[in-house]
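Derivation of every value follows stated rules applied to the coordinates shown; laboratory data play no part. Since the model is a prediction, treat every value here as computed from it, not as a measurement. A quick note on method: Cβ atoms are made from the backbone with ideal geometry, for glycine too, and the neighbour counts reach across all protein chains shown.
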2 protein chains.
Amino acid sequence: MRQTSLFSKTLKEVPVGEVSLNSQLLIRAGFIDKTMAGVYTYLPLGWRVLVKIENIIREEMNAIGGQEILMPALSPQWNWEKTKRLEKVDVLFKADGANQASRKQNNSVYILNSTHEEIITPIMKKYASSYKDLPVAVYQIQVKYRNEPRPKAGLLRGREFRMKDLYSFHKNQEDLYKFYELTKKAYAKIFERMDIGNDTFIALASGGDFTKNYSHEFQTKCENGEDTVFKDLDSGICYNQEVAPGRVSLENGEEDLQVLEKVATTGIKTIAKLTEFLGIPKEKAVKTLLYKDEEGNFIAAALRGDYDINEEKLFRIIGFKGFRFADEGEIEKITSAKSGYSGLIGLSEDIDIYMDDSLQGLKNFAIGANETNYHYNNVNFGQDISEPEKFYDIKEIKPGDISPDSGKVYEVFKASETGNIFPLNTKFSESFSCYYDDENGNKKPIYMGAYGMGPTRIMGVLAEKFADEKGLSWTESVAPFKVHLLQLPGKNKQVKKQAEYIYRKLKDKNIQVLYDDRQDVGAGEKFADADLIGCPYRIVVSEKMIKENKIELKKRNENQERALNLEELIPEIIN
Amino acid sequence: MRQTSLFSKTLKEVPVGEVSLNSQLLIRAGFIDKTMAGVYTYLPLGWRVLVKIENIIREEMNAIGGQEILMPALSPQWNWEKTKRLEKVDVLFKADGANQASRKQNNSVYILNSTHEEIITPIMKKYASSYKDLPVAVYQIQVKYRNEPRPKAGLLRGREFRMKDLYSFHKNQEDLYKFYELTKKAYAKIFERMDIGNDTFIALASGGDFTKNYSHEFQTKCENGEDTVFKDLDSGICYNQEVAPGRVSLENGEEDLQVLEKVATTGIKTIAKLTEFLGIPKEKAVKTLLYKDEEGNFIAAALRGDYDINEEKLFRIIGFKGFRFADEGEIEKITSAKSGYSGLIGLSEDIDIYMDDSLQGLKNFAIGANETNYHYNNVNFGQDISEPEKFYDIKEIKPGDISPDSGKVYEVFKASETGNIFPLNTKFSESFSCYYDDENGNKKPIYMGAYGMGPTRIMGVLAEKFADEKGLSWTESVAPFKVHLLQLPGKNKQVKKQAEYIYRKLKDKNIQVLYDDRQDVGAGEKFADADLIGCPYRIVVSEKMIKENKIELKKRNENQERALNLEELIPEIIN
């Protein structure tokens, strides 16, 4: 394509507030346009990349037997009530008439789907009535809407974004897991084809409400990624921070036991203020968090002051029951103190206490006194409270912490979640009574899996990962054009003639080429634009090279250009 | 693809309330699933058809230089305020948080775009600053959301549907209209490729707010279409009913003039009741409608009682000014009577009166007396009111009416609007101050055109047009599979063997084939399913044919099957 005809141009500036590397580069290079926070238009260059990414995904989904469909974005609220997610999903959008005239025509309120279990399960109910109809897998590449609070990560997190979602349906859990493993392999292949196979790791993550098993995330190393992955150095197993087991990096030391002390701490309600007031490090304070579970029982969770609670871990330990923070009234009732003064000493025996293993061996620590405006200091197990039968791992671990498996410090890296796969099991089939008749005529619930992958997010990750200080650098499989052909300015008419010849020649060979045929732009700007747009190959036709009867070829990810004869050029690019 | 693996099955029943022919057939055949009124899922068969339709459109858009992009569905309200359409577009949806948790995260309200002028124009402003950047055309194939009151026409009118929208940008009106004509040709080619070229007509239609010129609709003959097209038999020019000029089919006859009579008509406010009360035909009554235009002037429009007003025509006649019905208070003020009793006699001279040409030569007619509970009867021009200088054509014409061009009765047919093209001129560029610098450095507004086409609607039209009493019948260019291969049941193992062989052979030749390999289904059901699904070619392998060493081939749109040798089969299908 001729650059003079290309809809977009490179820009000098990005919109105010656009802080992510991927969107800054993609906007400057003319791949995307920002409509508003978390919502983008894909311009011709960006659309070409997106289509290539989606076609790679499509091919690999077809290869494992996925059948492509297209589900709507609008759905009735009823479907979401059925799964009890209408009030629960905190990114859910609704849609209804925007003005009086519209509401007068139709006053209904719909849901804008943030995911499609609520749509596909009732469809499956119509088509899979017998064991003979199973297994089956369908997928779509479609737009998702999520009411994200403050999307600032460009294409890595949007309010409107493209998603490939595959849903599989099986007779039993064994079949589900067989297909689940097949999908893992297909995903790996997709990432390989995009040249991020070596940097993409399967990380264990929360299974959500769906399963007691972990789900699996595909995490691609990415400096600006929103996730932190912990990798065990011996086994290579990766965990999302939200589920990573771990031991503290800073061990509790030996010291003499001091005598318990009650300290007036008026208005001091946080670990930060408490440790500052007492002049002790955070590791010497214990935080006590109070929760109420869905059955009405109270739970106390205690951690060393330098750690935060990991509620996902607590959820698993207490047996996959839902819970929430106790409210002010409840805290006052069970501790006789205002919040900020909760502690472990003197708590009612009705309350289940879970102590994190960061407390193991901790001596002379400070903790709330269960009395407003008071804390204890120099608390010790055995002396002031009894040591629990068992310590738990309920902390959010930190870089530097130790893997319980290998006993070694985790390798930690930032990553972006480029895919995730969930064993949904029977969660949604039960909601919609989606049963099948087995070989003996018995009704059984269908087992489901859900497999997500975000093409637009992947585009953002690829933009960031391969970029350098000069701009984007696309891998061949997704590049908008394989070749960027530059006709440099000059008086020698041969330059234009030869550039036009090479342009035709490349097109004849079906090589996708962006041809910078602009007549009023200098060489420096042409080079800078080519680096910013980032096609894998750059061909330069210039007066200097014409004199030597040569053409200059350079790969975007190499530093050195090469001078070639015309006959050598095309074979080098076809490679 | 093997039918045993196909996600969908043919169904015996369609959902209650699904009344349109296209959706009944497409649901029964397993092409689509209904999520709710006006919202459908495209199942594997339907998705295959849709992709083929969209690719034909895509190829022809690329051929005229359209560059593909993808714009978002969500947009800020601000863009719609800018064009004054936020309160005006009566199908506009908004989107915001569906529950408390979601609204707490982000309380903003967005618009779900029903069309994309509000998005593309601000983008163009960034990229087209100079005459050198023009002309340029971009398009997308994307999902539109419209809050339709009662969608009952299946894929012909949805609340969520796919749309190709192309936008072109030009230096001046001349360039715009050149490209406009180019697009007409591209559209014609698309319809030809789908075998509806001969049944698709360009009809003149309202240009909306955008232009004093007509817009052009591509209307495909379709019995259940929502539009009525009037075709002039001599010129072949087609009009959408909303703009069709016309003369009355029933002429006003000769008769003696009677004497004016004032009749008490208490509570009689409609033409229907009035003519019943007076015992006269509707053609003997005149209806007077009162409007107020956007400058505050009152307008009276009068038509013969058997005609309705066509406000689009009135809009053009009064000079493209907006207007609305006068309200009750205004009517009482200007006629001294309640609504239902307005007439032409004694109306203030300030009021502009437009009389439809159906009144020309009308004698002894009834009309409101501008006095509550009274009408006049036996009104006559010259005698009771003066004949106007000019009669106008402000009526909605009816089948049987006469084209003023040819003087012949129009050919009238029902049609579905499969495409439309609008000369937007500078309407949107002015709203967003989208100007370019011309060759002399002067700022000028960019001229725009918009060109829509609905792939999902086209799918519905194709489904209806080619269907017969047995089911769907797809034209080759969009068929989900070219061939439906049926393996009939029987004891002879050769049947299965040969069917499998043909299946492999067709796949080797890259012929798309749906292979009915079901073992537990009878011949009758297989034939019925093949007819319902509607692939262009049907191949049958049966015990009977095996004995004769033949294979049966039948085209879906022909009645007669043919017995062929294996060697003859493939060439017949490749054709």
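Peptide packing for B:356-367, B:223-234 was compared via the average number of neighbouring C-beta atoms within 10 Å per residue; ordered from the highest value, the list is B:356-367, B:223-234.
When you filter the GluC sites (Glu not before Pro) in the stretch B:52-123 for DSSP loop state and at most 16 other Cβ atoms inside 10 Å of their Cβ, you are left with B:Glu87.
Two numbers describe the Cα atoms of the stretch B:415-524: Rg and Dmax, which are 26.3, 85 Å.
Model label points for B:Gln560 and B:Lys505, set 7 angstrom from Cα along the Cα-to-Cβ axis, are 2.3 nm apart. Given axes a ≥ b ≥ c from the Cα gyration tensor, I'd like to know whether the stretch A:450-509 is rounded (a/c under 1.5), prolate (a/b larger than b/c) or oblate. It is oblate, given that a/c is not under 1.5 and a/b is not larger than b/c.
Straight-distance candidates among the aspartates and glutamates for linking to B:Lys497, with alpha-carbon spacing under 20 Å and chain neighbours fewer than 8 residues away dropped: B:Asp508, B:Asp516, B:Asp517, B:Asp520, B:Glu543, B:Glu548, B:Glu552, B:Glu567, B:Glu568. A label point on A:Lys491, set 7 Å along the Cα-to-Cβ line, lies at 9.6 nm from each of its counterparts in the other copies, closest listed first. Extension gain, B:Gln494 to B:Thr10, is 171.5 nm, computed as 0.36 nm per intervening residue step minus the present C-alpha separation. The stretch B:484-543 and the stretch A:287-354 have Cα centres spaced 65 Å apart. With both residues required to sit in the stretch B:426-575, DSSP beta bridges show an antiparallel share near 55%. Across the stretch A:110-118, computed HN-Hα scalar couplings (Karplus, 6.51 cos²θ - 1.76 cosθ + 1.60, θ = phi - 60°) run 10, 9, 9, 4, 9, 6, 10, 4, 5 Hz from first to last residue, x flagging Gly and Pro. The chymotrypsin sites (Phe, Trp or Tyr not before Pro) of the stretch B:249-319 include none that meets both conditions, a loop assignment by DSSP and at most 14 other Cβ atoms within 10 Å of the site Cβ. Globularity index of the stretch B:25-72 is 1.46 (Cα radius of gyration / 2.2 N^0.38 Å, N = number of residues).
For chain B, the 222 nm mean residue ellipticity estimated from helices alone, with every DSSP H stretch of n ≥ 4 adding -39500 (n - 2.57) and the total spread over all residues, rounds to -8000 deg cm²/dmol.
Taking Cα centre as origin and charging only the Cβ of basic (Lys, Arg, +1) and acidic (Asp, Glu, -1) residues, the dipole magnitude of the stretch B:483-574 rounds to 240 debye. Among the trypsin sites (Lys or Arg not before Pro) found in the stretch B:170-222, those both in a DSSP coil and sparsely packed, with 15 or fewer other Cβ atoms within 10 Å of their Cβ, are B:Lys212. With the largest listed first and rounded to whole Å, the semi-axes of the equivalent ellipsoid of the stretch B:261-396 from the Cα gyration tensor are 22, 17, 13. Rounded to the nearest 20, the size of the Cβ-charge dipole of chain B about its Cα centre is 3180 debye, with Lys and Arg at +1 and Asp and Glu at -1.
For the stretch A:261-396, a crude dipole built from +1 on the beta carbon of Lys and Arg and -1 on the beta carbon of Asp and Glu, taken about the Cα centre, is about 420 debye to the nearest 20. Rg of the Cα atoms in chain B, relative to 2.2 N^0.38 Å, amounts to 1.20.
When you restrict to C-alpha pairs under 8 Å that are six or more residues apart and normalise by the size of chain A, the relative contact order lands at 17 percent. Classify the stretch B:359-475 as rounded, prolate or oblate, taking a ≥ b ≥ c as the square roots of the eigenvalues of its Cα gyration tensor: rounded when a/c is under 1.5, otherwise prolate if a/b is larger than b/c and oblate if not. The shape class here is oblate.
The C-alpha atoms of the stretch B:506-548 occupy a region whose extents along the principal axes are 28, 27, 18 Å, arranged from largest to smallest. Label-point distances for B:Pro149 to the equivalent site in the other copies, using a point 7 angstrom along Cα→C-beta, read 4.3 nm when ranked shortest first. Looking at the stretch A:261-396 alone, DSSP beta bridges between its own residues are antiparallel in about 75 percent of cases.
Dividing the convex hull volume of the alpha-carbon atoms in the stretch A:483-574 by its residue count gives 88 Å³ per residue.
Working note: Cα atoms of the protein assembly as shown, range along each principal axis, descending, whole Å: 126, 82, 78. Take the alpha carbon atoms of the stretch B:259-281, find their center, do the same for the stretch B:410-436, and report the distance between the two centers in whole angstrom. The stretch B:259-281 and the stretch B:410-436 have Cα centres spaced 43 Å from each other. For the listed residue pairs A:Lys184/A:Lys395; A:Lys88/A:Lys231; B:Lys505/B:Lys554; A:Lys321/B:Lys104; A:Lys88/A:Lys152, the alpha carbons are over 21 angstrom apart in A:Lys184/A:Lys395; A:Lys88/A:Lys231; A:Lys321/B:Lys104; A:Lys88/A:Lys152.
In this assembly of identical copies, the label point of A:Asn62 (Cα plus 7 Å along Cα-to-Cβ) is separated from its counterparts by 1.6 nm, sorted shortest first. Largest first and in whole Å, the equivalent-ellipsoid semi-axes of the stretch B:122-175 read 33, 11, 9, each the square root of five times a Cα gyration tensor eigenvalue. Distance from the A-onto-B rotation axis is smallest for the Cβ of the chain A residue given, in whole Å, as A:Ala95, 2. For the peptide B:81-93, the mean number of other protein chain Cβ atoms found within 10 angstrom of a residue's Cβ is 4. In terms of its alpha-carbon gyration tensor, the stretch A:67-223 comes out oblate; a/c meets the 1.5 threshold, while b/c is at least as large as a/b. When the protein assembly as shown is described by a simple charge dipole with +1 on each Lys and Arg Cβ and -1 on each Asp and Glu Cβ, the residue from B:Ile502, B:Leu43, A:Tyr127 located farthest towards its positive end is B:Ile502.
Summarised as an ellipsoid, the stretch A:91-157 has semi-axes of 31, 22, 8 Å, derived from the eigenvalues of the Cα gyration tensor scaled by 5 and square-rooted, with the largest first.
Peptide B:133-143 is shielded by partner chain Cβ atoms: per residue, an average of 2 of them sit within 10 Å of its Cβ. Projecting the Cα positions of B:Thr265, B:Tyr291, B:Pro281 onto the charge dipole of the stretch B:226-322 (unit charges on Cβ atoms of Lys, Arg, Asp and Glu, taken about the Cα centre) puts B:Thr265 furthest along the positive direction.
Take each residue of peptide B:101-113, count the partner chain Cβ atoms within 10 Å of its Cβ, and average: the result is 6.
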